[in-house]
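Heads up: the structure comes next, in structure tokens.
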Amino acid sequence: MQVSVEASEGLERRMTVELPAEKVNQAVEKRLKEIARTVRLDGFRPGKVPLSVVRKRFSNDAKQEVFGDLVQSSYFEALMQEKLNPAGEPAIEPVEKSVNEGMAYVAVFEVMPEVTLNSLGDVTIKRPVVEVTDEDLNEMVEKLRKQRITWNEVDRAAQEGDQITINFKGYMDGEAFEGGSAEGIPLELGSKGMIEGFEEGLVGAKAGEARTLELTFPESYHAEKLAGKPATFEVEVTKVSEAVLPEVNEEFTKAFGISEEGVDGFYKEIRANMTRELEDKIRSLVKEQAMDALLQVNDLEVPKALVKREAEVLLQQTKANLAQGGQGNNLNLPVELFEDQAKKRVTLGLIIAEVLSSNNIELDEDRVRQKIEQFAQSYEDPQQVVDYYYGNKEQLSGIQNLVLEDQVVDWVLDQVKVEDAAKGFDEVMNPATPDVDAVNE
């Protein structure tokens with residue numbers, strides 16, 4: 001067998017494999033004899049058809065079958081001979097040869113890139129330093145109170161923060177437009193639930209009052225036929241209600257499943273939850289920076305075949321998630337939409353694999369159990385959850401991969417400069433824009 005390899009664009013390789021005529025003819029002859037033992041032809045008993053007749057009738061079929069078998073066996077042999085690591089299935093191009101010349105083909109495929117890790121010494125990762133203050137705790141309790149808000153009807157003019165009930169009709173060029181009318185709609189003033197000027201135009205209105213609002217739809221409005229167009233709304237206010245927040249008492253705390261220790265226990269539990277969520281968020285932000293740092297310093301060309309495969313996985317996951325939410329049954333999303341994300345994931349996966357390999361990092365089974373037990377604590381029967389993970393290879397594999405990623409993050413943090421950055425709780429938990437990342441100095 002003769003093998004030659006030609007490097008094409010990027011990671012693509014064209015491997016030509018030539019098999020000698022003797023090997024090909026032997027394989028064809030063997031296949032013809034196998035056919036002869038089972039073939040049924042008129043005028044001959046089963047298994048008694050002369051080989052010359054079989055050769056005449058089935059020579060082409062035998063050659064095609066042999067070609068496929070020889071390609072499969074010789075392809076992997078050639079890869080081992082040339083020390084090539086393919087990234088996907090090859091495209092096979094037959095090469096025309098006479099019977100006496102044997103058989104040849106060209107296999108076109110991409111190879112896995114060689115990953116060489118670059119230094120992280122110039123990278124700085126900022127680690128948020130945050131504590132849950134009494135002010136943060138009180139703000140969280142206020143949010144919980146607002147989740148259980150009730151509305152009390154009042155006989156006064158509506159003001160910001162009130163809920164009004166309205167009937168309205170919208171007109172454009174004097175004609176009512178589709179979707180522009182509704183009755184009995186509750187609207188909280190200041191919620192920004194309507195186009196600009198609608199809620200503002202109803203501040204000060206009383207129950208039974210009618211108002212006419214001259215407004216303009218924003219240019220970015222989702223309904224293209226209305227975007228940027230002026231409209232008139234005839235609005236009738238039928239009820240004005242003010243917000244009533246529940247008191248923080250034992251009845252309130254029981255609604256959150258906290259019955260022991262009363263209000264003090266409630267505050268204690270909320271602070272503990274906030275602290276736990278904060279720690280998870282900080283770990284997530286540091287991990288994000290660590291992964292970004294690996295991508296920044298290791299510019300890697302990745303096989304298109306792997307990116308395409310990962311993009312397909314992301315597409316199917318997105319469709320499944322949308323279907324679970326009752327959406328996207330007929331949504332035709334292009335796979336190209338996921339290619340950038342897929343490329344990032346493939347690249348990072350190859351880099352992480354090299355970090356693990358070159359630094360002899362092995363899975364920490366103690367951390368795996370610790371993470372599983374941490375997940376299990378939020379369930380009524382934690383041991384049942386632990387048993388579930390250890391009894392399900394696929395679920396356990398997911399946790400093991402997370403732990404390996406955490407171990408890679410630990411390795412990155414040992415290579416880079418880590419600076420503590422004082423932050424507020426809300427600044428970290430609800431950032432307006434991403435402001436924590438790895439940067440090169």
Quiz item: How high is the relative contact order of segment 150-244, in percent, counting Cα pairs under 8 Å that sit 6 or more residues apart?
Solution: 42
Exercise. For helix 262-297, report the angle its Cα long axis makes with the longest principal axis of the Cα atoms of the chain; keep it between 0 and 90° and round to the nearest 10°.
Key: 40
Self-check item: Anisotropy class of segment 66-184 from Cα gyration tensor, a/c 1.5 cut
Solution: oblate
Quiz item: Using alpha carbon centroids, what distance separates segment 214-288 and segment 312-355, in Å?
Solution: 30
Exercise. Show the residues, 5+ positions off or on another chain, whose built amide H is closer than 5 Å to the amide H of I125.
Key: K417, V418, E419
Exercise. Could you work out how far helix 339-358 tilts from the main Cα principal axis of the chain, as a 0 to 90 degree angle to the nearest 10?
Key: 70
Quiz item: How do K417, K281 line up, fewest other C-beta atoms within 10 Å first?
Solution: K417, K281
Quiz item: With the Cα gyration tensor of segment 171-295 giving a ≥ b ≥ c as the square roots of its eigenvalues, does the rule (a/c under 1.5 for rounded; else a/b larger than b/c for prolate; else oblate) give rounded, prolate or oblate?
Solution: oblate
Quiz item: Among A207, A176, A91, which one shows the biggest mean-square fluctuation in a GNM of the chain, springs joining Cα atoms closer than 10 Å?
Solution: A176
Quiz prompt | the chain: most fluctuating residue of V428, V409, V71 per GNM, C-alpha cutoff 10 Å | solution = V71
Self-check item: Rg/Rh ratio calculated on Cα atoms of segment 2-110 (Kirkwood radius)
Solution: 1.11
Practice problem: For segment 228-237, just list the computed ³J(HN,Hα) in residue order, Karplus coefficients 6.51, -1.76 and 1.60, θ = phi - 60°, integers in Hz, with x standing in for Gly and Pro. | Solution: x, 8, x, 8, 10, 10, 9, 10, 10, 8
Quiz item: Cα gyration tensor of segment 304-427, axes a ≥ b ≥ c as square roots of the eigenvalues: rounded (a/c below 1.5), prolate (a/b > b/c) or oblate?
Solution: oblate
Exercise. Determine, for segment 2-110, the count of lysine pairs separated by eight or more sequence positions (or lying on different chains) whose alpha-carbon distance falls under 24 Å.
Key: 17
Exercise. Could you please report the charge total around M1, scoring K, R as +1 and D, E as -1 over all other residues with beta-carbon less than 13 angstrom from its beta-carbon?
Key: -3
Quiz item: Highest GNM mean-square fluctuation, the chain, Cα pairs closer than 10 Å: which of V106, V154, V412?
Solution: V154
Quiz item: Among residues other than E101 whose Cβ falls under 14 Å from its Cβ, what is the net charge (Lys/Arg +1, Asp/Glu -1)?
Solution: 0
Quiz item: What is the sum of charges around N25, taking Lys and Arg as +1, Asp and Glu as -1, for the other residues whose C-beta is under 13 Å from the C-beta of N25?
Solution: +4
Quiz item: Which entries in the list K287/K393; K146/K268; K344/K371 go over 22 Å, if you measure between the two C-alpha atoms of each?
Solution: K287/K393; K344/K371
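The numbers here are math on the coordinates, done by the rules we state, and not lab data. What you see is a predicted model, and the numbers here were worked out from it, not measured in a lab. Cβ sites come from the backbone with ideal geometry, for glycine too, and all protein chains shown count toward neighbours.
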